[in-house]
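Presented below is the structure to which this report refers.
Readers should treat all values here as calculations from the given coordinates under stated rules, not as data from a laboratory. Please read all numbers here as calculations on a predicted model, not as lab measurements. Cβ atoms come from the backbone with ideal geometry, glycine included; neighbour counts cover every protein chain shown.
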Amino acid sequence: MIVVFGSLNVDLIMRVARLPRPGETVINGHYFLVPGGKGANQALAAARAADGAVPVVMAGCVGADDWGGVATSLLAEAGVDLSAMRHGARPTGCATICVDAAGENAIAVASGANMEAMADQVDDRWFGPETWLMLQMEVPAQENWRLVERAKRRGARVLLNLAPAAKVPLDVLDAIDVLIVNEIEARMLVDAPPEAAVRDLSRRHGLTCIATLGAAGALAATPERAWTVAALPVDVVDTTGAGDAFVGALAAALATGRPLPAALTWASVGAALSCAVAGTQSSFAEAGAIANRLSDLPPPIWVDRRHRGGPRRC
């Protein structure tokens, strides 16, 4: 089982010729209103990448407004369990996203009801050795930390995507199993290049640390080993949500029993495929689509410096 505690938004997406500079207005003729939020994104990406092999639960908070239904619509279609959802007093969270001709984006988020999400929405009966708890940083941090403690007490494994970047208590880092960061988020924890940062975090806290590097792929380290995985080459249309696609696909792969190197390949392909389609949740790949492209990506390379033979493929 995968239990996701996190944010749900409605995304207002505008495609523009270029991203506006401070004080500048860029005119655009079209916009799209679609479901988003890191929690919902990762839950949907996981559900699609798992293709029913493991159940996915989404716990979070939306407003008592029309946008609440929009925010949960694709989750419901994908069969994600929404029994842990609640309605808050604030409006449903909203993000405005500008996407330029090269697929790069600029995002502003109004959290709204996401700030009312509470750990007690998640039932303890969902936690056990076969459960992965997925967390991000778009809901109150203390609610995340409460869930980490409860999940670990019952033998569940915890994956934290430190996005957006924020500080994490040392005892929480010691408790989680997988930490996923981008380059900016990694530097917030360790002032070092990504490879050194993931190695340091992994060894100090006894976890698996993964740094996503966009078109350069990803780095991963356990206390014993480190790997690099490339990004699958695609014609980029929209990079919005690619990080969430990676995290969701990785969780699906781990929850279905794939070892870390194979899970990294699965996640990298899933993230790349999302960049080839416009939109966020609409771009997340099904398991079959990911499986069809696995052979197009070289396996991860083991880059452990203690291996005298140099890097080798896994």
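Things worth noting here:
- Only one entry of 97, 13, 27 meets the criterion of being farther than 27 Å from residue 265 by Cα and without any contact (Cβ under 8 Å) to a residue 24 or more places away in the chain, and that entry is 27.
- Summed over region 152-164, the residues that are among the hydrophobic types (A, V, I, L, M, F, W, C), crowded, with 23+ Cβ neighbours inside 10 Å and in contact (Cβ under 8 Å) with a residue 60 or more places away in the chain give a count of 1.
- Qualifying residue in region 241-248 (condition: surrounded by 24 or more Cβ atoms within 10 Å (Cβ to Cβ) and not in a helix (DSSP H, G or I)): yes
- Verdict on residue 231 being surrounded by fewer than 23 Cβ atoms within 10 Å (Cβ to Cβ), aliphatic (A, V, I, L, M), in a loop (DSSP other than H, G, I, E, B) and in contact with a helix residue (DSSP H, G or I) (Cβ under 9 Å, 6 or more places away or on another chain): yes
- Failed item, numbered, when residue 208 is tested on (1) surrounded by fewer than 17 Cβ atoms within 10 Å (Cβ to Cβ); (2) farther than 30 Å from residue 98 by Cβ: (1)
- Any chance residue 109 is of a type in the set (Val, Ile, Thr), under 19 Å from the mean Cα position of the chain (by Cα) and over 30 Å from residue 30 (Cβ atoms): no
- Answer residue from region 191-205, given it is aliphatic (A, V, I, L, M) and surrounded by fewer than 21 Cβ atoms within 10 Å (Cβ to Cβ) and is nearest to residue 178 (Cα to Cα) among those: 196
- Test for residue 106: is it part of a strand (DSSP E or B), touching a residue at least 40 places away in the same chain (Cβ under 8 Å) and small (Gly, Ala, Ser): yes
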